[in-house]
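S.K.: Provided herewith is a single structure, encoded as structure tokens, for subsequent inquiry.
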Amino acid sequence: MARPVKVRRINALPEAYREEGPAIRLGLDEFECIRLIDHCGLSQAECGEQMEVARTTVALIYEHARKKIAESIVLGRPLEISGGKYRLSDQDEGVN
């Protein structure tokens, strides 16, 4: 027999998503970091190899990205994904 599910305590209900208000901007490098770690299941070290940055840099990018995503979800603000310092895999020039 399965154990009964324990009721979980929460402190607040989520805000309704709304289009108005300033968007939270997630840089393309932050998006790539989230994609590689959370979606593809890579470690921070593997993510660093893919992005050609140090693992410690990945940790900082990942921390900032997660904070922005959490702020978007908790405050119900739109998330805009654009900008940042990056270069596509088949390009030599950096884009700002």
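S.K.: Relative to the Cα centre, what is the charge dipole magnitude of the stretch 24-81, using +1 at the beta carbon of each Lys and Arg, -1 at the beta carbon of each Asp and Glu, and rounding to the nearest 20 debye? Don't jump to the answer; show the numbers that get you there.
M.R.: Working: 7 positive and 10 negative charges, 58 e Å.
With Lys and Arg at +1 and Asp and Glu at -1, about 280 debye.
S.K.: Let me ask something else. Taking a cut-off of 17 Å, what percent of all Cα-Cα pairs in the chain are separated by more than that?
M.R.: Numbers: 2767 of 4560 pairs.
Cα-Cα pairs of the chain separated by over 17 Å account for 61 percent.
S.K.: Taking square-rooted eigenvalues a ≥ b ≥ c of the alpha carbon gyration tensor, is the stretch 39-81 rounded, prolate or oblate, where a/c under 1.5 means rounded and, failing that, a/b exceeding b/c means prolate?
M.R.: Values: a/c = 2.86, a/b = 2.40, b/c = 1.19.
Since a/c reaches 1.5 and a/b is larger than b/c, the shape of the stretch 39-81 is classed as prolate.
S.K.: For the chain, what is the calculated [θ] at 222 nm in deg cm²/dmol (nearest 500), taking -39500 (n - 2.57) for each run of four or more DSSP H residues and dividing by its residue count? Intermediate values should be presented prior to the final figure.
M.R.: On the way: 3 runs with 36 residues, N = 96.
Helices in the chain give a 222 nm mean residue ellipticity of -11500 deg cm²/dmol.
S.K.: Also, quick follow-up: What residue among 45, 72, 56 has its Cα farthest toward the positive end of the dipole of the stretch 24-81, where the charges are +1 on Lys, Arg and -1 on Asp, Glu, each on the Cβ?
M.R.: Value computed over the given set: 72.
S.K.: Measure nothing but the geometry: give the 0 to 90° angle between the long axis through the Cα atoms of 55-75 and the longest principal axis through the Cα atoms of the chain, rounded to 10°.
M.R.: Roughly 40 degrees, rounded to the nearest 10.
S.K.: Now for a different question. For a quick check: with amide H placed at 1.01 Å from N, whose amide H comes under 5 Å from residue 77's, ignoring anything fewer than 5 positions away on the same chain?
M.R.: Excluding prolines and chain starts, which carry no amide H, there are no hits.
S.K.: If I take every Cα pair under 8 Å that is 6 or more residues apart in the chain, average their sequence separation and divide by the length, what percent do I get for the relative contact order? Don't skip to the end; give the middle numbers.
M.R.: Numbers: 108 pairs, mean separation 38.1, N = 96.
Answer for the chain is 40 percent.
Each reported figure results from applying straightforward, stated rules to the coordinates on display, with no laboratory input. Given the structure is predicted, the values throughout are model-derived calculations rather than measurements. Cβ coordinates were reconstructed from backbone atoms using ideal geometry, including for glycine residues, and neighbour counts include every protein chain displayed.
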